[in-house]
Amino acid sequence: MQDDRRASIRLFFALWPDPGIRSALLRARDGGIQGARPTHPDDLHLTLVFVGDVAPETLPCIEAAGDDVVVSAFDLALRRVETWPRQRLLVAAPDETPQALFNLVSQLQQNLLPCGIEPEPRRYRPHVTLARRAARLDPAPLAVHWPARAFVLARSGVAGRGNGGGYQVLRRWVLD
């Protein structure tokens, strides 16, 4: 009997930082990771839609969901580093979310419906996870300007860095 988890792939759509933004995010987390488990620098991202575990044969449908997005490029301002105590996460988050980001998430969610993937029931909270198992911290100001010019489809659970995980970008789409 085959293990269904092994036969599936775990996917998500995300904004992926360029090297300059990644460096700014790494500097932002420096003061808040005592005792926490920092996110690997190559894995920093802002999730748009978590697709979840799917059969590999659904990949073409999921890629088509990205193909059908019509959203203009936009700017995102990450303005604070804070902890989410319940989840024990250290995150970088915006004070205000651009409407274009909400539009991108909404279009992806709608485009995934024919693939049998339902939207997340919780309210969308854009953030970049900087570390896990973080102690409570007072919010700190941040000034990271992120020109969102593209989004990606990524796979999680890719081995190779010795930590048993990691992400792999499978495909990239440019925003108009």
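The values are calculated or read from the model by the stated rules, or taken from the named source; none is laboratory data. Since we're looking at a predicted model, the values are computed, not measured. Here the Cβ is made from the backbone with ideal geometry for all residues, glycine too, and neighbour counts use every protein chain on show.
Is it true that SER23 is hydroxyl-bearing (Ser, Thr, Tyr) and touching a residue at least 24 places away in the same chain (Cβ under 8 Å)? So that I can check it myself, show each step before the final result.
On the way: hydroxyl-bearing (Ser, Thr, Tyr): yes; touching a residue at least 24 places away in the same chain (Cβ under 8 Å): no.
Spelling it out, it is not the case that SER23 is hydroxyl-bearing (Ser, Thr, Tyr) and touching a residue at least 24 places away in the same chain (Cβ under 8 Å).
If you go through the stretch 41-68 and keep only what is polar (S, T, N, Q) and within 22 Å of SER23 (Cβ to Cβ), you end up with just THR47.
In the stretch 135-150, what count of residues is obtained for those that are assigned to a loop (DSSP other than H, G, I, E, B) and either modelled with pLDDT of 90 or more or surrounded by fewer than 13 Cβ atoms within 10 Å (Cβ to Cβ) (or both)?
Of the stretch 135-150, the ones assigned to a loop (DSSP other than H, G, I, E, B) are 135-139, 149.
Add one more test, that the residue is either modelled with pLDDT of 90 or more or surrounded by fewer than 13 Cβ atoms within 10 Å (Cβ to Cβ) (or both), and what stays is 136, 138-139, 149.
Counting residues in the stretch 135-150 that are assigned to a loop (DSSP other than H, G, I, E, B) and either modelled with pLDDT of 90 or more or surrounded by fewer than 13 Cβ atoms within 10 Å (Cβ to Cβ) (or both) gives 4.
Scoring THR58 on the criteria (1) in a strand (DSSP E or B); (2) over 16 Å from the mean Cα position of the chain (by Cα); (3) of a type in the set (Ser, Thr, Tyr) leaves a single failure, condition (1). Selection within the stretch 4-20: residues that are within 19 Å of LEU153 (Cα to Cα) and in a helix (DSSP H, G or I). The member of this set that is modelled with the lowest pLDDT is ALA7.
Here is a yes/no grid of residues against (1) in contact (Cβ under 8 Å) with a residue 60 or more places away in the chain; (2) of a type in the set (Ser, Thr, Tyr):
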position	(1), (2)
ASP67	yes, no
VAL71	yes, no
LEU76	yes, no
GLU82	no, no
THR97	no, yes
PHE102	no, no
LEU108	yes, no
TYR124	no, yes
ARG132	yes, no
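Just to verify a result, which residue in the stretch 73-103, among those that are aromatic (Phe, Trp, Tyr) and touching a strand residue (DSSP E or B) at 6+ places or on another chain (Cβ under 7 Å), is nearest to ALA14 (Cα to Cα)? Give the derivation first.
Within the stretch 73-103, the first condition is being aromatic (Phe, Trp, Tyr), and the residues that meet it are 74, 84, 102.
Narrowing the set further to residues that are touching a strand residue (DSSP E or B) at 6+ places or on another chain (Cβ under 7 Å) leaves 74, 84.
Working: PHE74: 14, TRP84: 20 Å.
Ranking the qualifying residues of the stretch 73-103, first place goes to PHE74.
Determine the pairs where a residue that is touching a residue at least 40 places away in the same chain (Cβ under 8 Å) and among the hydroxyl-bearing types (Ser, Thr, Tyr), located within the stretch 137-158, has a partner that is part of a strand (DSSP E or B) and surrounded by 12 or more Cβ atoms within 10 Å (Cβ to Cβ) with Cβ atoms under 7 Å apart, the partner being 6 or more residues away or on another chain. If the second residue must be part of a strand (DSSP E or B) and surrounded by 12 or more Cβ atoms within 10 Å (Cβ to Cβ), the pairs left are SER156/ARG10; SER156/PHE12; SER156/TYR167. Considering PRO38, PRO85, PRO98, the condition of being surrounded by fewer than 19 Cβ atoms within 10 Å (Cβ to Cβ), at pLDDT below 95 and either of a type in the set (D, E, K, R) or over 17 Å from ALA154 (Cβ atoms) (or both) is satisfied by PRO85 alone.
Please verify whether the stretch 139-153 includes one or more residues that are within 18 Å of the chain's Cα centre (by Cα) and farther than 24 Å from PHE74 by Cα. It would help to see each step written out before you state the result.
Taking the stretch 139-153 as the starting set, the residues that turn out to be within 18 Å of the chain's Cα centre (by Cα) are 144-153.
This time we only want the ones that are farther than 24 Å from PHE74 by Cα, so: none.
No, that holds for no residue.
Considering only residues that are part of a helix (DSSP H, G or I) and touching a Phe, Trp or Tyr at 6+ places or on another chain (Cβ under 9 Å), look in the stretch 64-82 and name the one that is nearest to TYR167 (Cα to Cα). Don't jump to the end; show me each part of the working.
Our first condition is that a residue be part of a helix (DSSP H, G or I); within the stretch 64-82, this holds for 64-67.
Now restrict to residues that are touching a Phe, Trp or Tyr at 6+ places or on another chain (Cβ under 9 Å): 65-67.
Details: ALA65: 20, GLY66: 18, ASP67: 21 Å.
Taking the candidates together, the pick is GLY66.
Please pick out the residue among ALA24, ALA64, ALA100, ALA36 that is in contact with a helix residue (DSSP H, G or I) (Cβ under 8 Å, 6 or more places away or on another chain) and not polar (S, T, N, Q). Walk me through it before giving the result.
Working: ALA24 fails: in contact with a helix residue (DSSP H, G or I) (Cβ under 8 Å, 6 or more places away or on another chain); ALA100 fails: in contact with a helix residue (DSSP H, G or I) (Cβ under 8 Å, 6 or more places away or on another chain); ALA36 fails: in contact with a helix residue (DSSP H, G or I) (Cβ under 8 Å, 6 or more places away or on another chain).
Only one candidate qualifies: ALA64.
Restricting attention to the stretch 105-129 and to residues that are under 12 Å from THR47 (Cα atoms) and hydroxyl-bearing (Ser, Thr, Tyr), the residue that is surrounded by the most Cβ atoms within 10 Å (Cβ to Cβ) turns out to be THR129.
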